[in-house]
Structure formats: C-alpha cells, structure tokens
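Below is one structure, written out as structure tokens; comments come after it.
The values are calculated or read from the model by the stated rules, or taken from the named source; none is laboratory data. Just so you know, these numbers come straight off a predicted model, no measurement behind them. No Cβ is skipped: glycine too gets one built from the backbone with ideal geometry, and neighbour counts run over all protein chains shown. Note: areas computed on protein heavy atoms with side chains; ligands, DNA, RNA excluded. Shrake-Rupley method; radii C 1.70, N 1.55, O 1.52, S 1.80 Å.
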Number of protein chains: 2
Amino acid sequence: MAAEGVTAKRADARRNVESILDAAVALLAIDPGVSVNEIAKAAGVGRVTLYGHFPSRAALVEAVSLRVIASTDQALGAIDLEGDPRDAMARLLEATWRLTHRFGAVVIAASGVLTPEEMRRVHEGLARRVHALVERGRDEGAFRRDMPVVWQLATIQAVLHGASAAVHRGDVTTDDATRLVRDTVLAALAVTSSA
Amino acid sequence: MAAEGVTAKRADARRNVESILDAAVALLAIDPGVSVNEIAKAAGVGRVTLYGHFPSRAALVEAVSLRVIASTDQALGAIDLEGDPRDAMARLLEATWRLTHRFGAVVIAASGVLTPEEMRRVHEGLARRVHALVERGRDEGAFRRDMPVVWQLATIQAVLHGASAAVHRGDVTTDDATRLVRDTVLAALAVTSSA
DNA sequence: CTTAAGGCGTACACCATTGTTCGAGAAAAG
DNA sequence: CTTTTCTCGAACAATGGTGTACGCCTTAAG
C-alpha cells in the first residue's frame, strides 16, 4: 500500500519483526553483549529467521536503538518544562527515570555499533532538554552555579543509572526510586544555604 | 628463603609477573573484556609466558582483583573517620574517588570470575566504612534520614562512577572531579533546609 | 485450493579467543 | 662455565559467536 515497488510483507513476518524487536530491547537493556541466538529464542523464532529480517547483529542493534530513541524522544517531548525549574526538573526526572530503567544498557550496545558521530547526535538530542533546563535553573537562581553544567548533567545521568542498578539489585522498589531520584538530584542541584 | 619446598623464582620471572599484573590492572580498568593477548603485549611478554604464570584468564583476573582489593583496603584503612561526619565523608570520598578512577572497571571484570559469595564479601569489606559513616551521620543529624541508607550508598557509588566517566570523556579534570564529587555527595546527603 | 512468502533446522565456513604443546634459545644462579 | 629456569614463537585443538546456503514445511494471501 505504502509503496508498490516492494511486495507487502506477510502478516506473520511483521509480527515476527515486532517480537524480535521487543525481545531485543528487553535483553539488550540487561546485557548489551547478548547473543543473536538468545534474542531469537526469546522472540520465539529461529536464529535464521532473525537473519532474514536483519542482515546482521549490528543492524538489529541499530534498529533497536532507533526504536528506543524515538520512544524516548516522544515521551520527553510531552513534558512541560515551563514554570519553576525545580518543579520542571522533577517532572523531567520522573519521565527520564522510567525510560532509563526500561532501556538501560541499550545505550552500551548501541555504542559498539553506531558511529561516534551518530552517538553524539543521539545523545545531544536527548540531553538537550535537560541541558536547557539546568541552564535556566542556574540563571534564575534555583540551581547552584559553582559547578560546571556538564558535571551537573553527568551527575543526573549517574544517579539515574545508579537507581536502575539499585532496583535490579532489589535495594529499592521502582516506585521508591522515582521519589529518591527526584529528591537526590534536586538536593544536588540546589543552591547551598551555607554559601 | 621463605620456603625451601618451592625453588625460588628467577629474577626475570618475578619481574614479568609484576609487569603482567601492572598491565592487567591498567587495561582491565578500562575494558573488562580485554584479551589475554593484549595484556601480554602491553606487559612486554609473550602470551605463552603469561600462561606460564597464570593458569587461565580467570586466575589472572582474580590475582588482579586481589591486588586491587588489598590496595584499596589499605588506602581506605588509613583514613580518619572521626569528627564531624561531613568532614570525615569528605576525606573518605577523596580517597575513594582516586581509587575508583584508578581501578574503575576491574570490578566488572571480577564479577565475571569471582563467585557471587566472594563478590559479596569484597563489596561488604569496602562498603563497610562508608556504610558506618553514613549511619553515624544520620544519627548525629548531619545527613538526611528520609532516604534509605542503601540508596544513599548507591548514590555515592553512582556519583563516583559518573565522575570517572566524565573524566574519561574529558568533561572535567581529575582534580576538579575531586572537589565536585565531594560537594555533590555532601549536598545530596545534607539535611534539607526546607524540611 | 493454489501459490508464493516466510519459518525453521541443519550444516557449514569463518573468525577471535582461550588454553596447550613443543623445541630452540636466552638469561639467571651457582 | 655449567646447569637450571624461564622466555618466546609457532603451531594446534577447542570453544563460541557471526553469517550463509539449502531444503522442507507451514501459513498467509488471492
């Protein structure tokens, strides 16, 4: 329908592609080095079938990355970043945390496949919102200015990643982590009363 | 000399073992999956020579782990943890940061070789000091109590790890990171003035 | 129902890595 | 100098992963 040059894929083929992508996202989010065999098995298809849809492991990882990026970008785009920087950051963190926890190590898998330039562009696109919000918070006196912005961004990312690890370890629940990430990051960004 | 049961190793053999361990620590701290070949090459010895001293890759990683653990334990044991919890935490963080940055990913390599029980014991030994200090700080009203201790420990670890990544990325210098880690962690642990 | 697209298992080539063996040669120890 | 230990390269088997070729079978599509 879309293009008549390519013979429309059969229904089960489309279903399998979806299964493969779903399984790949789930497994790559835990272990970036998972084998194609395991992904195919988890998707309920044969390894050869997987290769019928994705010419190589790299292509699969790339497809997964694109899917994760699109999903992430869409979710973050819906966040209201206006108003008090602290409140906006709280909202942004809540959404970002869910995404980080859900996709986790996919980034690591992607870093081995995508070119550094592609990685930079993706990271840029996702970090842009946080970056802009941190800048605004600093300008408006809500966030401390005695640290580099890049450091503050790195801290946010580190806390998110650490929260994901803590949940996987069973130290805290996902719901608790939502609150803890927010409070911890806001405390780290807040202007010190002793200054 | 030490024991007459074993024939004393030759001088160059001892030197080579040291070279191998040094190279292994350096390489494993960057890439936990580095090959034996690369380690041997970096140490300036043949791969077979390496296998002459360490029966397997796992044995090498274990030896490296033990060396790192001993070095870490000794360095942290020299820290004065008395006095104001904030000051003590600052001192502890400074030392821990240097170790984290120096050894980094060795932990990841070790996790694939050491048994979970061994890993737990090692982690316990290293986290014990931080844990005790956080507890004391909470009891004395210096650190906030509206977060689980395990979360606060996870946060500290996350910031340290993130700092190491930031330095490797070139976002901040090692010296800056020392100060930033301290200030960020203390801000995250501090009791909120708004509460 | 007929047909073609897709699924699936087996088997194979290929590559990197681990771990071993052998023998010649260099170097330390006495 | 002699002996013993160690180094080192080359070669080999084993493993585990990626990617391909082939043939049979299932299933969607018309």
Could you give every pair whose Cβ atoms fall below 8 Å, whose first residue belongs to the range A:135-149 and is at pLDDT 95 or above, and whose second residue is part of a strand (DSSP E or B), counting only separations of at least 6 or pairs across chains?
A:Gly137/A:Phe143; A:Ala142/A:Ala190; A:Phe143/A:Ala190; A:Arg144/A:Ala190
Exception for A:Val191 within (1) of a type in the set (A, V, I, L, M, F, W, C); (2) at the interface with another protein chain (Cβ under 10 Å from one of its Cβ atoms); (3) surrounded by 20 or more Cβ atoms within 10 Å (Cβ to Cβ) falls at (3)
Within the set of pairs 6+ apart or on separate chains, which have a first residue in the range B:41-61 that is more than 14 Å from every other protein chain (Cβ to nearest Cβ), a second that is within 8 Å of DNA strand C (Cβ to nearest atom) and not hydrophobic (A, V, I, L, M, F, W, C), and C-beta atoms under 7 Å apart?
B:Arg47/B:Asn37
One residue is enough: does the range A:53-65 have a residue meeting the conditions under 30 Å from A:Arg136 (Cβ atoms) and more than 16 Å from DNA strand C (Cβ to nearest atom)?
yes
Can you pull out the residues in the range B:120-142 that are under 19 Å from B:Arg182 (Cβ atoms) and either of a type in the set (A, V, I, L, M) or open to solvent by less than 50 Å² (accessible area, probe 1.4 Å) (or both)?
B:Leu126, B:Ala127, B:Arg129, B:Val130, B:Ala132, B:Leu133, B:Val134, B:Gly137, B:Arg138, B:Ala142
So how many residues does the range A:157-167 have that are open to solvent by less than 20 Å² (accessible area, probe 1.4 Å) and more than 9 Å from every other protein chain (Cβ to nearest Cβ)?
1
What is the one condition in (1) under 16 Å from the mean Cα position of the chain (by Cα); (2) more than 14 Å from chain B (Cβ to nearest Cβ); (3) not aromatic (Phe, Trp, Tyr) that A:Glu140 does not satisfy?
(1)
Within the range B:168-177, of all residues that are in a helix (DSSP H, G or I), surrounded by fewer than 18 Cβ atoms within 10 Å (Cβ to Cβ) and modelled with pLDDT of 95 or more, the one nearest to the other protein chains (Cβ to nearest Cβ) is B:Asp176
Considering only residues that are open to solvent by 10 Å² or more (accessible area, probe 1.4 Å) and at the interface with chain B (Cβ under 10 Å from one of its Cβ atoms), look in the range A:143-153 and name the one that is farthest from A:Leu93 (Cα to Cα).
A:Asp146
For residues in the range A:54-75 being open to solvent by 60 Å² or more (accessible area, probe 1.4 Å) and more than 13 Å from A:Val106 (Cβ to Cβ), which is modelled with the lowest pLDDT?
A:Asp73
For the range B:92-134, name all the residues that are out of contact with any helix residue (DSSP H, G or I) (no Cβ under 9 Å at 6 or more places or on another chain) and more than 19 Å from A:Arg169 (Cα to Cα).
B:Ala132
